[in-house]
Amino acid sequence: QVQLVESGGGLVQPGGSLRLTCAASGSIFSIYAMGWYRQAPGKQCELVAIITSGGNTNYADSLKGRFTISRDNAKNTIHLQMNSLKPEDTALYYCNADITTNWGIRNGYWGQGTQVTVSS
(Lines give C-alpha, C1' and ligand atoms only; values in the text may rest on other atoms or scores of the structure.)
Protein backbone atom coordinates (compact mmCIF):
# COMPACT_ATOMS: atom_id res chain seq x y z
CA GLN A 1 0.00 0.00 0.00
CA VAL A 2 1.42 3.32 -1.16
CA GLN A 3 -0.33 6.64 -0.97
CA LEU A 4 0.60 10.08 -2.27
CA VAL A 5 -1.15 13.07 -0.77
CA GLU A 6 -0.84 16.56 -2.21
CA SER A 7 -1.62 19.76 -0.38
CA GLY A 8 -1.08 23.48 -0.68
CA GLY A 9 -3.21 24.34 -3.66
CA GLY A 10 -5.72 27.13 -3.68
CA LEU A 11 -6.74 30.42 -5.18
CA VAL A 12 -4.05 33.03 -5.66
CA GLN A 13 -3.83 36.33 -7.53
CA PRO A 14 -1.53 36.74 -10.52
CA GLY A 15 2.00 37.37 -9.33
CA GLY A 16 1.42 35.50 -6.10
CA SER A 17 3.03 32.37 -4.76
CA LEU A 18 2.03 28.94 -3.57
CA ARG A 19 3.95 26.05 -2.10
CA LEU A 20 2.71 22.58 -2.88
CA THR A 21 3.59 19.53 -0.82
CA CYS A 22 3.42 15.85 -1.68
CA ALA A 23 3.95 13.21 0.96
CA ALA A 24 4.37 9.55 0.12
CA SER A 25 3.53 6.92 2.70
CA GLY A 26 3.11 3.19 2.96
CA SER A 27 5.29 0.16 2.41
CA ILE A 28 8.09 2.02 0.64
CA PHE A 29 11.50 0.53 0.08
CA SER A 30 12.88 3.23 -2.15
CA ILE A 31 11.80 6.17 -4.26
CA TYR A 32 13.73 6.70 -7.46
CA ALA A 33 12.07 9.96 -8.39
CA MET A 34 9.14 12.16 -7.55
CA GLY A 35 7.65 14.96 -9.53
CA TRP A 36 4.81 17.26 -10.35
CA TYR A 37 2.54 17.24 -13.37
CA ARG A 38 -0.37 19.48 -14.18
CA GLN A 39 -3.45 19.34 -16.34
CA ALA A 40 -5.69 22.20 -17.31
CA PRO A 41 -9.14 21.64 -18.81
CA GLY A 42 -8.83 20.69 -22.45
CA LYS A 43 -5.07 20.33 -22.21
CA GLN A 44 -2.71 17.40 -22.01
CA CYS A 45 -1.08 16.50 -18.76
CA GLU A 46 2.36 18.08 -18.77
CA LEU A 47 5.52 17.74 -16.77
CA VAL A 48 6.20 20.52 -14.31
CA ALA A 49 9.28 19.26 -12.51
CA ILE A 50 10.97 16.04 -11.42
CA ILE A 51 13.53 15.39 -8.73
CA THR A 52 15.42 12.15 -8.16
CA SER A 53 16.50 10.73 -4.85
CA GLY A 54 19.98 11.94 -5.73
CA GLY A 55 18.80 15.50 -6.21
CA ASN A 56 18.84 15.76 -9.99
CA THR A 57 16.07 17.96 -11.32
CA ASN A 58 14.25 18.53 -14.57
CA TYR A 59 11.88 21.40 -15.29
CA ALA A 60 9.54 22.37 -18.05
CA ASP A 61 11.33 25.08 -20.02
CA SER A 62 8.20 27.20 -20.17
CA LEU A 63 8.30 27.80 -16.43
CA LYS A 64 11.39 29.96 -16.90
CA GLY A 65 12.73 29.47 -13.41
CA ARG A 66 9.56 30.48 -11.59
CA PHE A 67 9.09 27.05 -10.05
CA THR A 68 11.46 25.19 -7.76
CA ILE A 69 11.17 21.55 -6.73
CA SER A 70 12.79 20.29 -3.55
CA ARG A 71 12.81 17.10 -1.54
CA ASP A 72 13.12 15.66 1.92
CA ASN A 73 14.04 12.02 1.37
CA ALA A 74 13.80 11.17 5.05
CA LYS A 75 10.15 12.16 4.99
CA ASN A 76 9.41 10.89 1.47
CA THR A 77 8.19 14.37 0.71
CA ILE A 78 8.65 16.87 -2.08
CA HIS A 79 7.65 20.49 -2.46
CA LEU A 80 6.97 22.77 -5.35
CA GLN A 81 7.56 26.45 -4.75
CA MET A 82 5.62 28.41 -7.33
CA ASN A 83 6.37 32.10 -7.69
CA SER A 84 5.15 34.82 -10.02
CA LEU A 85 2.09 32.79 -10.81
CA LYS A 86 0.20 33.46 -14.00
CA PRO A 87 -3.36 32.62 -15.01
CA GLU A 88 -1.88 30.09 -17.43
CA ASP A 89 -0.62 28.15 -14.41
CA THR A 90 -4.17 27.33 -13.42
CA ALA A 91 -4.46 23.55 -13.41
CA LEU A 92 -4.89 20.47 -11.34
CA TYR A 93 -1.44 19.59 -10.06
CA TYR A 94 -0.61 15.93 -9.55
CA CYS A 95 2.21 14.35 -7.65
CA ASN A 96 3.87 11.33 -9.22
CA ALA A 97 6.40 8.94 -7.76
CA ASP A 98 8.47 6.02 -9.00
CA ILE A 99 8.47 3.71 -6.00
CA THR A 100 9.69 0.24 -5.13
CA THR A 101 7.74 -1.25 -2.25
CA ASN A 102 9.10 -3.42 0.54
CA TRP A 103 7.79 -6.37 -1.44
CA GLY A 104 10.03 -5.61 -4.39
CA ILE A 105 7.41 -4.21 -6.74
CA ARG A 106 8.25 -1.06 -8.68
CA ASN A 107 5.40 1.09 -9.91
CA GLY A 108 4.44 4.62 -10.65
CA TYR A 109 1.96 6.19 -8.27
CA TRP A 110 -0.25 9.24 -8.54
CA GLY A 111 -1.78 11.49 -5.95
CA GLN A 112 -5.32 12.75 -6.05
CA GLY A 113 -4.30 16.19 -7.27
CA THR A 114 -4.51 19.65 -5.79
CA GLN A 115 -6.16 22.53 -7.59
CA VAL A 116 -4.22 25.70 -8.31
CA THR A 117 -6.25 28.63 -9.57
CA VAL A 118 -4.57 31.90 -10.50
CA SER A 119 -7.14 34.63 -10.90
CA SER A 120 -8.10 38.07 -9.71
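Brief remarks on what is shown
- Segment 6-27-segment 56-120 distance, computed between alpha-carbon centres (Å): 8 Å
- FRET efficiency estimate (nearest 0.05) - Cβ-Cβ, Ala74 to Ser27, R0 25 angstrom: 0.90
- Rounded to the nearest 20, the size of the Cβ-charge dipole of the chain about its Cα centre is 100 debye, with Lys and Arg at +1 and Asp and Glu at -1.
- Cβ-based net charge around Gly113, under 15 Å, with every Lys or Arg adding one and every Asp or Glu removing one: -1
- By the rule of a C-alpha distance below 23 Å, with chain neighbours fewer than 8 residues away ignored, the lysines paired with Lys64 are Lys43, Lys86.
- If the segment from Arg106 to Arg19 were pulled out straight at 0.36 nm per residue, it would be longer than the present Cα-Cα gap by 28.5 nm.
- Ratio Rg/Rh [Cα only; Rh per Kirkwood] for the chain: 0.98
- Per residue solvent-accessible surface (Å²) - the chain, probe of 1.4 Å: 54 Å²
- The chymotrypsin sites (Phe, Trp or Tyr not before Pro) of segment 14-120 that DSSP puts in a loop, and whose beta carbon has at most 13 other beta carbons within 10 Å, are Trp103.
- Taken over segment 1-61, the percentage of Cα pairs per 5 Å bin, counting from 0 up to the bin with the maximum distance, is 4, 13, 18, 25, 22, 11, 5, 2.
- Cleavage-rule hits, trypsin sites (Lys or Arg not before Pro), segment 19-85, DSSP coil, Cβ neighbours within 10 Å at most 11: Lys43, Lys64
- Overall, the accessible surface of the chain at a probe of 1.4 angstrom is composed of carbon and sulfur to the extent of 48 percent.
The values are calculated or read from the model by the stated rules, or taken from the named source; none is laboratory data. Bear in mind the structure is a predicted one, so any value in this text is a computation, not a measurement. Cβ atoms come from the backbone with ideal geometry, glycine included; neighbour counts cover every protein chain shown. Protein only, heavy atoms only, side chains kept; ligands, DNA and RNA dropped before computing areas. Shrake-Rupley method; radii C 1.70, N 1.55, O 1.52, S 1.80 Å.
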